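Beneath this line is the structure, given in structure tokens, with notes to follow.
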Amino acid sequence: MHLPPGVHVRDLPRRDDDRGFLVELTSATLGDDARPAQWNMLHSTVNTLRGMHVHVRHTDWVTVVAGDAILGLVDLRTGTLDDATRATVPMHAGSLQVLTIPPGVLHGIYTPEASVILNGLSHEFDAADDLAARYDDPSLGLDWRVEEPVLSARDRAAPTVAELLDRLAADGVAWPTPDG
């Protein structure tokens, strides 16, 4: 799987004993510079799609702790969709992995079944840093293989990716340099 620069999938350490297991969610596990300022727990019902969202400032760390999820990723840091790296990443609670999503990577989370997801943020939530685009915009080049997902009102009303890119350009947004 070819991921956008700076996007990483890491296995989480697990320790088993007679009581069950412990999974370490530490900054060292998430990456050398990871310092989550906020953790969110998302419970998503069957056929839910959250996104597509992109952040100018904060990094996300996503872990599926119950159920399954498919994460769609499109790298907007190139400034054009023609050169954008795209990927879909299946994640399962049994895999015990964390996905790192840096600023500038548009992402959405689809849950085909009821699922629980932990989402770490490098900065406390700021609505001004949580921008949206339509999940079904053909220019994304993502095949969600879903019809009529459960969406928030905000995600249903989201602009196209071209409109989002125009807004970001008008605001003078300069993406951080990918580490890839």
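The values are calculated or read from the model by the stated rules, or taken from the named source; none is laboratory data. What you see is a predicted model; the values in this text were computed from it and never measured. Every residue, glycine as well, gets a Cβ built from its backbone with ideal geometry; the counts of neighbours run over all protein chains shown.
Data for the structure
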read-out	value
Condition met for Arg156 (at pLDDT 95 or above, surrounded by 16 or more Cβ atoms within 10 Å (Cβ to Cβ), farther than 30 Å from Thr29 by Cα and of a type in the set (D, E, K, R))	no
Given (1) buried (at least 16 other Cβ atoms within 10 Å of the Cβ); (2) in a strand (DSSP E or B), index of the condition Arg134 fails	(2)
Any chance Leu142 is assigned to a loop (DSSP other than H, G, I, E, B), aliphatic (A, V, I, L, M) and touching a residue at least 60 places away in the same chain (Cβ under 8 Å)	yes
Counted residues, the range 120-131 - those being in contact (Cβ under 8 Å) with a residue 24 or more places away in the chain and surrounded by fewer than 18 Cβ atoms within 10 Å (Cβ to Cβ)	6
Leading residue by the ranking (nearest to the chain's Cα centre (by Cα)) among those in the range 68-93 that are part of a loop (DSSP other than H, G, I, E, B) and surrounded by fewer than 19 Cβ atoms within 10 Å (Cβ to Cβ)	Thr85
Qualifying residue in the range 94-102 (condition: hydrophobic (A, V, I, L, M, F, W, C), outside any strand (DSSP E or B) and surrounded by fewer than 16 Cβ atoms within 10 Å (Cβ to Cβ))	no
Residues of the range 23-40 classified as under 11 Å from Leu96 (Cα atoms) and part of a strand (DSSP E or B), total	1
Which numbered condition Thr26 fails, given (1) of a type outside the set (A, V, I, L, M); (2) in contact (Cβ under 8 Å) with a residue 40 or more places away in the chain; (3) out of contact with any strand residue (DSSP E or B) (no Cβ under 7 Å at 6 or more places or on another chain)	(2)
